[in-house]
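Structure first, then comments.
The values are calculated or read from the model by the stated rules, or taken from the named source; none is laboratory data. Since the model is a prediction, treat every value here as computed from it, not as a measurement. Note that each Cβ is placed from the backbone with ideal geometry, even for glycine, and that neighbours are counted across all protein chains shown. In case anyone asks, the SASA skips ligands and DNA or RNA and just uses the protein heavy atoms, side chains included. Shrake-Rupley method; radii C 1.70, N 1.55, O 1.52, S 1.80 Å.
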Amino acid sequence: MTTIEVKTRIKQYQIKIVADGLQQLGSLVTAVWQPSQVAVVTDSNVGVHYAQLVTDELTAAGFKVLVLTIPAGESSKSWQQVQLLIEQLSAAHFSRSDGILALGGGVVGDLAGFVASIYMRGIGLIQVPTSLLAQVDSSVGGKTAIDLPTGKNLVGSFYQPDLVIIDPTTLTTLPPRMLAEGYGEVVKCAALVGGDFWQALQPISGVAAILPAAPALIAASVAFKAQIVMADEQEQGQRQRLNLGHTIGHAVELLANGQLMHGEAVAIGLVQVCRLFAAHDLAPASLVTTIKSRLMAVGLPTELPTELPAVSQQAVVAVMQHDKKVHGAALTWVYLTAIGQPQLFPVAIKDLNDWLATLW
């Protein structure tokens, strides 16, 4: 077991990376919660694999368990699902002494976390991410959110969990495409950190190579993100660096309307932001090849999806105007001058069309 401590201004908790952690869930949860009601929020893909195991573990530990299953997919991050989950919690007489356990990928974690943050002004939350993407990214840091038609994650809160349990063995049930998309976020973290973390990616030459390397890559990603979160919990400064690749990636993902997964869109965004800043003579062109080779090694896309008519320059700029990194009349970009050397750069909204022209 690897334990990473997170201490923010208002909360201290642990991230536990443990093989076969779901089989130990009862003892891990009782270390932070007294027996009470627990709503296990999962989705239609994950629940069939793990909901019964989690229910049995929690029940044996003295908890009363309610399983709430949402449809799999980004479309579940909606007001409609928020309302439905809250109504189900209320009907089951959940109180502030009860809690939510988010069992699934990033969609489940974001949605369940947001519901936990607003139901009765906040109830207990434990994150149990089952996808590589969620294990290295969304389950850590306390960001919760749902989407709006105008953009991803535009409604949400900062709400730290009581515990994060990461079981790398859950990755064995992921289809190759989902394993690869999570690796896109690993590449992002490693590019921000550099050093030994970046070097650890060099032997990864296909999706099959991700699984044996996953525990070490997860630990490195989580340790880095935890360090950033502790220094900047609410994204007022250096935490913005974690958005590397996301400015373009989020816009492309939204406009692709389900045809691209989050990690795939981030992979495109990583390469394109390197290309963009190289075109403006702010970064070396060699970074494009360096980043691209790591992503292509597992089959991730790296080019703008010109085959999707909805992903046009005009549409991308329109989505970016609603990006959370817009402050005043400028959008703050994250880019690299070298592996391990991230920088921030504001671009006026009125200049975005011209700024992005080199990508089309």
Residue within the range 99-109 that is farther than 16 Å from N243 by Cβ and without any contact (Cβ under 8 Å) to a residue 60 or more places away in the chain present: yes
Which numbered condition L244 fails, given (1) aliphatic (A, V, I, L, M); (2) open to solvent by 30 Å² or more (accessible area, probe 1.4 Å); (3) farther than 28 Å from T173 by Cβ: (2)
When you scan the range 19-33, do you find a residue that is hydrophobic (A, V, I, L, M, F, W, C), in contact (Cβ under 8 Å) with a residue 40 or more places away in the chain, surrounded by fewer than 19 Cβ atoms within 10 Å (Cβ to Cβ) and under 27 Å from M178 (Cα atoms), even just one? yes
May I ask you to list pairs of residues, at least six apart or on different chains, whose Cβ atoms are under 6 Å apart, with the first in the range 332-360 being assigned by TED's automatic domain parsing to the domain that holds L287 and β-branched (V, I, T) and the second being exposed (fewer than 13 other Cβ atoms within 10 Å of the Cβ) and assigned to a strand (DSSP E or B)? none
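For every residue, the table says whether it meets (1) closer than 21 Å to D323 by Cβ; (2) of a type in the set (D, E, K, R); (3) in contact with a Cys (Cβ under 7 Å, 6 or more places away or on another chain).
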site	(1), (2), (3)
D110	yes, yes, no
Q135	no, no, no
D147	yes, yes, no
G151	yes, no, no
S157	yes, no, no
L163	no, no, no
I166	no, no, no
Determine, yes or no, whether A231 is in the same structural domain as T306 (by TED's automatic domain parsing), surrounded by fewer than 22 Cβ atoms within 10 Å (Cβ to Cβ) and free of Cβ contacts under 8 Å to residues at least 24 places away in the same chain. yes
Can you work out which of the residues in the range 280-309 that are modelled with pLDDT under 90 and in contact with a helix residue (DSSP H, G or I) (Cβ under 7 Å, 6 or more places away or on another chain) is least open to solvent (accessible area, probe 1.4 Å)? P305
Is at least one residue of the range 156-166 under 27 Å from M296 (Cβ atoms) and polar (S, T, N, Q)? no
Criterion first (open to solvent by less than 60 Å² (accessible area, probe 1.4 Å), closer than 17 Å to V140 by Cβ and at pLDDT 95 or above) does A223 satisfy it? no
Per the list (1) crowded, with 23+ Cβ neighbours inside 10 Å; (2) in contact with a Lys or Arg (Cβ under 8 Å, 6 or more places away or on another chain), residue check on A145 breaks on (1)
Going residue by residue through the range 173-190, is there one that turns out to be crowded, with 20+ Cβ neighbours inside 10 Å, part of a loop (DSSP other than H, G, I, E, B) and at positive phi? no
Hits in the range 291-316 - residues which are within 23 Å of the chain's Cα centre (by Cα) and either farther than 19 Å from G258 by Cα or among the hydrophobic types (A, V, I, L, M, F, W, C) (or both): I291, K292, S293, R294, L295, M296, A297, V298, L300, L304, V311, V316
Whichever residue in the range 68-125 is β-branched (V, I, T) and either open to solvent by 20 Å² or more (accessible area, probe 1.4 Å) or in a loop (DSSP other than H, G, I, E, B) (or both) and, among such residues, is farthest from Q12 (Cα to Cα): T69
Given the conditions (1) under 25 Å from the mean Cα position of the chain (by Cα); (2) surrounded by fewer than 14 Cβ atoms within 10 Å (Cβ to Cβ), which single one is not true for T358? (1)
Which one of the conditions (1) surrounded by fewer than 16 Cβ atoms within 10 Å (Cβ to Cβ); (2) at pLDDT 95 or above; (3) not polar (S, T, N, Q) does P342 fail to meet, given that it meets all the rest? (1)
Mind checking which residues of the range 169-189 are touching a Lys or Arg at 6+ places or on another chain (Cβ under 9 Å) and either free of Cβ contacts under 8 Å to residues at least 40 places away in the same chain or in the same structural domain as Q343 (by TED's automatic domain parsing) (or both)? none
Among the residues of the range 40-50, is there at least one that is without any contact (Cβ under 8 Å) to a residue 40 or more places away in the chain and closer than 17 Å to S117 by Cα? no
